[in-house]
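Peer 1: Dropping a structure here in structure tokens format, bear with me for questions.
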Amino acid sequence: MKVTITEAGVYDADGQRVPVGTEISVKGDAIPAWLVGKCQAVAVKKTAVTNPAIGAVQQPVEDA
């Protein structure tokens with residue numbers, strides 16, 4: 001996941017301060033505890049896939 005730093009006080013692995021506005025990548029889908037309140041998740045463009053099969057036929061659904 002990519003996040004943008006919004007508050008001062010974030011440091012990289014080398015101990016160097018990360019400037020506000022910098023976009024960084026973090027592992028996983030959740031914001032790590034050390035970044036909570038200091039960053040904002042970058043919007044990810046998602047593309048809907050509707051009926052990707054060629055020549056697909058919609059099947060009727062039976063009522064339960």
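Every read-out reported here was derived from the displayed coordinates using simple, explicitly stated rules and does not represent laboratory data. On a predicted model such as this, the values are computed, not experimentally measured, just so you know. Every residue, glycine among them, receives a Cβ derived from its backbone with ideal geometry; neighbour counts consider all protein chains shown.
Per-residue answers, yes or no, for (1) in contact with a Phe, Trp or Tyr (Cβ under 8 Å, 6 or more places away or on another chain); (2) assigned to a loop (DSSP other than H, G, I, E, B); (3) surrounded by 10 or more Cβ atoms within 10 Å (Cβ to Cβ):
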{"residue": "Val3", "(1), (2), (3)": "no, no, yes"}
{"residue": "Gly9", "(1), (2), (3)": "no, yes, yes"}
{"residue": "Gly15", "(1), (2), (3)": "no, yes, no"}
{"residue": "Gly21", "(1), (2), (3)": "no, yes, no"}
{"residue": "Gly28", "(1), (2), (3)": "no, yes, no"}
{"residue": "Ile31", "(1), (2), (3)": "no, yes, yes"}
{"residue": "Gln40", "(1), (2), (3)": "no, no, yes"}
{"residue": "Ala43", "(1), (2), (3)": "no, yes, no"}
{"residue": "Thr50", "(1), (2), (3)": "no, yes, no"}
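Peer 1: Find the residue count for region 1-32, including only residues that are more than 19 Å from Lys45 (Cα to Cα) and of a type outside the set (Ser, Thr, Tyr). First the steps, then the outcome.
Peer 2: Within region 1-32, the first condition is being more than 19 Å from Lys45 (Cα to Cα), and the residues that meet it are 5-22, 32.
Among the residues that remain, those that are also of a type outside the set (Ser, Thr, Tyr) are: 5, 7-10, 12-21, 32.
Selection size over region 1-32: 16.
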